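> Here it is: the structure, laid out below.
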Amino acid sequence: MLNNIIKFSLNNRLLVTALAAFILIYGAIIAINLPVDVFPNLNKPKVTIITESHGFAPEEVETLVTIPLETAMIGTTGVTRVRSSSGMGVSIIHVEFAWGTDPYRNRQLVNEKIQSVKNRLPEDISPALTPITSIMGEIQFLGLQQDNSKKLDLLELRTLADWVIRPQLLSIAGVSNVIVIGGGKKQYQIKINPEKLRLKNISLSQLVDNVKHLSENTTGGFVDREHKEFLIRVIGRATNKEDLENSNIGLHLGNPVLLKDVAEVKVAATPKRGDGSINAEDSVIMTIQKQPEASTLEVSNKIDQLVTKIESQLPQGAVLKKDLFKQSHFIESSINNVKEALRDGSIIVAIILFLFLLNFRSTFITLTAIPLSFAITVIVFKYFGLSVNTMTLGGLAIAIGELVDDAIVDVENVFRRLKQAKAKGENYNPLKIIYFASSEIRNSIVISTIIVILVFIPLFYLSGIEGKLFIPLGIAYIISIGASLLVSLTITPVLCSYLLPKAKVITHKEGRLIQSLKRFERNLLLRILDKPKVIIGASSLLLIGSLSLIPQMGRNFLPSFNEGTATIGLATWPGISLEESNNIGRKAEKLMLSIPEVKSTVRRTGRAEMDEHAEGVHWSEIDVDFHEKGRDREIVLKELREKLASIPNTYANIGQPISHRLDHLLSGVRAQIAIKIIGPDLSKLRRYGRQLEKKLKDIEGLVDLQLEQQVLTPQIKIHLYREDAAKYGINISDIVLLLEVALNGKSVGNIIDNQKIFDISMRFNELSRKDLNLLRETAIRVLPTGQVIRLKDVASVYESEGPNIINRENAQRRIIVQANSSGVPLDKLVKQVEEQIRTLNLDKEYFIKLGGQFESEKKASKLILILGFISLVGIIIVLYWHFGSLMMCAQVLTALPLALIGSIFAIFITEKILSVATLIAFITLCGIASRNGVMMISHYLHLIKHENMSFNKETIIKGSQERLIPVLMTALTAIFALMPILFSKGEPGKEILYPVAVVITGGLLSSTLLDIFVTPVIFYNYAKNACEKHIAKKSGKNL
């Protein structure tokens, strides 16, 4: 069938050439319009439930809200893990589903479960689902600041962000959410003075009843007048602060009591649980999140266009800060770096080819495989919905040296056969020679390509993040290699027929370099062909030496990324006020800005409304953007740690935005190592956590060590006495509701200002809420007898302590000790951590679970080794089908340990780290390295069968010499094509590709250099019987 494709192409050369041109043009058009992102879609399906819980304490949030919802979610179809946080007035539950499940169906399932338990939740509690966002979701920050005139205050800036800028950003296709923090939401506040209430003889319950309908419109229905229908509107809504102040709320001694007589009405910010700043200056921060399938660059470009428009419309006094964190910068840098690697690799391949072929025509024919293979690959991308990202481009970058392999072998064989025909001086048919020359090596080329593709197929069974990362790389690699085979069957013979028969170089002798290489190989083979034990022994020693280096290497899950930004989690002590936490955050920012490489800082302290992070006001997340030039990243991060360590009573966790999110996806924690202590009692969890933290402090290389801050914080408790309340005829429920209004606040209406809606909230003034004596004197009710019942008559008010937050995982309480690694391989740190964990004495109901990158690395490595074994079995089956001999299969497979030698030495010299990327590179190398053995052994068989040569030294030497140049060319093009990646370690976009390139380069160097001598020696000494059987079996058939 393959020979028929070649024949068809040669018989229809114009059609094939036109189709090739069309594919090039169509592929280029598609490539321009493909979506671009930094990584493939890494989103593990997750649904987040946020329940604002009216100021409940964490214990009450856990019992009344979190546990009912969490219990319902655990049994949901497809759920793999449920994590929850119960904080002050908020419950946040993360429901994680299995990879590959439909996110919309998942949300439907969660919604159904919520409805099934809604009647068990407290009244007015309404769980909400956050929008579907990407794990890379926070694609850009925008900020609003005051200008020097201070004409607008932060409250007005926040209103501008909430009502003007945010809606416009949400209208952009691909934007899923915009979270605003800082400045404070505008609110009309009624600050009640309890003492004035007492003097006016008005109870809190009377006031609550009288202000319920303080600001609202109603309808009077319809009326027909003069043949027209009129709508009756009752306008009672307040429009400003003065309307509220002058509202009547009761009588005292026959005189009306106005609201301003017992309360202060003011416009202020809602009670804040979070704040923001830019470069240590108070600001309003807008965090823009994208939808999972949206192109980050496309969305970012639309945002930039909108921001330009918004800037021109801003009121005087407002400054829009847009040069903050932008994920598109990292994406553009990464994609451009990999594109440069592709470009430079292609140029290097062209140079290598020309140096060997010394002919522009042959070089041109061979190089056409690269753009045509790329064009076919992007066309397939288009119809499979794949994006252009560092992994798909990386697959092409790794494959670029191999894309020309088939064409090299084809062109070289055609070139050699044309030269032989020309040397005989006979009339010959160029098309016929080209056809037979292409057919001659076709089976071996196809088998080699099948093997290269076969080793990648098991990788499609990788799950988790490693699967999401490397499957697109494998797809790009396989499609491009398959496309190169198609090119070698079609356009390569056609171009050979157009360009080679008339080439002057056909009559020339081989160049001096090639003659010298062949002469060197001949002399060496004559000396070593009879010394198989020496060759095998030397190769075995090299293999043993390389394997002995593996225990000295460390192991990581993935190489660290160079994102050009840092994300710093800064924790102070729980129970601190937001104001003091802000002061510490500003101090941290100023220290960081003093470092020359730091360009800007964006700080978010606490949490914004409906934000899925359950952090208290003691927690700040600071995103640091760096200048492009400066000192090494590790040196800068070390200085950051040192400066932050100078701030007393704080803990810092330093990482990078995307890396942090990957860690969070793996373990639920934004750190590389997460040690989860699980059990029922919070006090014991805290004690065990402190003990473990102390044990881990002295481990070298373990940095950012931090115990999750689930601690006791101050509380004011009001303990109601039922008997005393009943004595006065007061229900406990009435007191609870009144105190909720008085202390936590209650919305009693709203004011509409130019379509902007602002809440009216009522609660005690700050002094009455802070002073326990004044609180005790609060009038609860005025009895018909005129007796005033105060809070102290029915309750005791006292200070106490309670947990600041309660975290759970899969329906069990847990506390986490987290850390990162610095300068020490992750697996070695984990071993030391495990040793310390074993020394911790836990009660029976408590246990420890380790999570993080190392856990994923173990799981992925085990799976990759199993898949590698499956690949090996597949290679053996294909080789046996081709050669019909286990001996010949074994000979081809000798290339694998030979490749292993160089790859291990290369890793040891460069990084000394084994990761998922290096393991996948080893599997890739198996296919590439076996290619040369297939081609060489197939050529020996061809000489014996078709050219009637005997099985002797001369046959082996001639076959080796004739395959030497194609073998060297394919190896060198593959190696040198990877040089742009090898010499740009740590550059954005090449972090994962670098170890892959190291493994393949080292392996190809050793396998090629050794295989040139090892294969002839083993074949000559051990394959004679197998060769004769193969010839006899295939007698009368084409190879």
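The values are calculated or read from the model by the stated rules, or taken from the named source; none is laboratory data. What you see is a predicted model; the values in this text were computed from it and never measured. Note that we place each Cβ from the backbone using ideal geometry, even for glycine, and neighbour counts take in every protein chain shown.
> Scan the range 42-52 and tell me whether some residue there is in a helix (DSSP H, G or I) and buried (at least 17 other Cβ atoms within 10 Å of the Cβ).
Within the range 42-52, not a single residue is in a helix (DSSP H, G or I) and buried (at least 17 other Cβ atoms within 10 Å of the Cβ).
> Is it the case that residue 955 is surrounded by fewer than 19 Cβ atoms within 10 Å (Cβ to Cβ) and polar (S, T, N, Q)?
For residue 955, the condition - surrounded by fewer than 19 Cβ atoms within 10 Å (Cβ to Cβ) and polar (S, T, N, Q) - is met.
> Which is touching a Ser or Thr at 6+ places or on another chain (Cβ under 8 Å) and either surrounded by fewer than 22 Cβ atoms within 10 Å (Cβ to Cβ) or not acidic (Asp, Glu) (or both), of 797, 782?
Working: 797 fails: touching a Ser or Thr at 6+ places or on another chain (Cβ under 8 Å).
None of the others qualify; the one that does is 782.
> Taking the conditions exactly as written (under 30 Å from residue 147 (Cα atoms), out of contact with any Phe, Trp or Tyr (no Cβ under 8 Å at 6 or more places or on another chain) and at pLDDT 85 or above), does residue 275 satisfy them or not?
yes
> Give the range 367-411 a look and list any residue that's of a type in the set (Phe, Trp, Tyr) and more than 18 Å from residue 467 (Cα to Cα), or say none. Show your work before the answer.
Here is the first cut: in the range 367-411, the residues of a type in the set (Phe, Trp, Tyr) are 374, 381, 383-384.
Residues satisfying the conditions are 374, 383.
> Ok, one more. Go through the range 365-383 and give me each residue that's part of a helix (DSSP H, G or I), over 29 Å from the mean Cα position of the chain (by Cα) and either not aliphatic (A, V, I, L, M) or not assigned by TED's automatic domain parsing to the domain that holds residue 493 (or both).
Within the range 365-383, 366, 371 meet the criteria.
> Is there a residue being crowded, with 16+ Cβ neighbours inside 10 Å, basic (Lys, Arg) and more than 49 Å from the chain's Cα centre (by Cα) anywhere in the range 267-274?
no
> Which of the residues belonging to the range 873-920 are surrounded by 23 or more Cβ atoms within 10 Å (Cβ to Cβ) and free of Cβ contacts under 8 Å to residues at least 40 places away in the same chain?
none
> Let me confirm something: among 193, 210, 148, which residue is at negative phi and in contact (Cβ under 8 Å) with a residue 60 or more places away in the chain?
Values: 210 fails: in contact (Cβ under 8 Å) with a residue 60 or more places away in the chain; 148 fails: in contact (Cβ under 8 Å) with a residue 60 or more places away in the chain.
Answer to the check: 193.
> Of the residues that sit in the range 81-136 and are charged (D, E, K, R) and in a loop (DSSP other than H, G, I, E, B), which one is surrounded by the fewest Cβ atoms within 10 Å (Cβ to Cβ)?
123
> Exactly one of (1) at pLDDT 85 or above; (2) surrounded by fewer than 22 Cβ atoms within 10 Å (Cβ to Cβ) is unmet by residue 6. Its number?
(2)
> Name the residue that is nearest to the chain's Cα centre (by Cα), counting only residues in the range 701-747 that are closer than 30 Å to residue 687 by Cα and surrounded by fewer than 13 Cβ atoms within 10 Å (Cβ to Cβ).
My answer is 714.
> I would also like to ask the following. Residues that are in contact with a helix residue (DSSP H, G or I) (Cβ under 8 Å, 6 or more places away or on another chain) and among the charged types (D, E, K, R): find the strands (runs of 3 or more DSSP E) completely inside the range 174-247 holding 3 or more of those.
Passing ranges: none, list empty.
> Please count how many residues of the range 561-598 are crowded, with 21+ Cβ neighbours inside 10 Å, in a loop (DSSP other than H, G, I, E, B) and β-branched (Val, Ile, Thr).
Residues that pass the stated criteria total 1.
> When you look at residue 505, is it modelled with pLDDT under 85 and either under 29 Å from residue 418 (Cβ atoms) or not assigned by TED's automatic domain parsing to the domain that holds residue 367 (or both), yes or no?
Yes: the conditions hold for residue 505.
Yes or no, residue by residue, for (1) surrounded by fewer than 17 Cβ atoms within 10 Å (Cβ to Cβ); (2) within 22 Å of residue 402 (Cβ to Cβ); (3) β-branched (Val, Ile, Thr):
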| site | (1), (2), (3) |
| --- | --- |
| 297 | no, no, no |
| 312 | yes, no, no |
| 338 | no, yes, yes |
| 344 | no, yes, no |
| 347 | yes, yes, yes |
| 353 | no, yes, no |
| 358 | yes, no, no |
| 363 | no, yes, yes |
| 366 | no, yes, yes |
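> Ok, one more. Quick one: how many residues across the range 792-836 are over 30 Å from residue 617 (Cα atoms) and either at pLDDT below 90 or not assigned by TED's automatic domain parsing to the domain that holds residue 202 (or both)?
14
> Name the single residue that is farthest from residue 585 (Cα to Cα) among those in the range 161-180 being within 24 Å of the chain's Cα centre (by Cα) and among the aliphatic types (A, V, I, L, M).
Among residues in the range 161-180 that are within 24 Å of the chain's Cα centre (by Cα) and among the aliphatic types (A, V, I, L, M), the one farthest from residue 585 (Cα to Cα) is 173.
> Output the residues belonging to the range 60-105 that are within 24 Å of residue 681 (Cα to Cα) and acidic (Asp, Glu).
Matches in the range 60-105: 60, 62, 70.
> Here is a further query. Looking at 645, 652, 725, which is the one that is touching a helix residue (DSSP H, G or I) at 6+ places or on another chain (Cβ under 6 Å) and either closer than 30 Å to residue 593 by Cα or among the β-branched types (Val, Ile, Thr) (or both)?
Details: 645 fails: touching a helix residue (DSSP H, G or I) at 6+ places or on another chain (Cβ under 6 Å); 725 fails: either closer than 30 Å to residue 593 by Cα or among the β-branched types (Val, Ile, Thr) (or both).
Checking each option against the conditions leaves just 652.
> Scan the range 946-978 for residues that are over 19 Å from residue 929 (Cβ atoms) and in contact with a Ser or Thr (Cβ under 8 Å, 6 or more places away or on another chain) and jot them down.
Of everything in the range 946-978, just one residue is over 19 Å from residue 929 (Cβ atoms) and in contact with a Ser or Thr (Cβ under 8 Å, 6 or more places away or on another chain), namely 949.
> Let me ask something else about it. Is at least one residue of the range 145-167 assigned to a strand (DSSP E or B) and either touching a Pro at 6+ places or on another chain (Cβ under 9 Å) or not aromatic (Phe, Trp, Tyr) (or both)?
So far as the range 145-167 goes, yes, one or more of its residues are assigned to a strand (DSSP E or B) and either touching a Pro at 6+ places or on another chain (Cβ under 9 Å) or not aromatic (Phe, Trp, Tyr) (or both).
> Out of (1) crowded, with 20+ Cβ neighbours inside 10 Å; (2) outside any loop (DSSP other than H, G, I, E, B), what's the single condition that is false for residue 558?
So residue 558 meets the others, but not (2).
> Ok, one more. I'd like the residue in the range 602-618 that is within 13 Å of residue 570 (Cα to Cα) and within 23 Å of the chain's Cα centre (by Cα) and, out of all such residues, is surrounded by the most Cβ atoms within 10 Å (Cβ to Cβ).
Looking at the filtered set, the residue picked out is 603.
> Quick check on my filter: what residues within the range 811-846 are within 24 Å of the chain's Cα centre (by Cα) and among the polar types (S, T, N, Q)?
Filtering the range 811-846 for residues within 24 Å of the chain's Cα centre (by Cα) gives 816-827, 829-830.
Across the range 811-846, the qualifying residues are 818, 820, 821, 822.
> Residues that are within 45 Å of the chain's Cα centre (by Cα) and in a loop (DSSP other than H, G, I, E, B): does the range 527-544 have at least one?
No, the range 527-544 contains no residue that is within 45 Å of the chain's Cα centre (by Cα) and in a loop (DSSP other than H, G, I, E, B).
> Taking the options 680, 657, name whichever one is modelled with pLDDT under 85 and of a type outside the set (A, V, I, L, M, F, W, C).
On inspection, the qualifying residue turns out to be 657.
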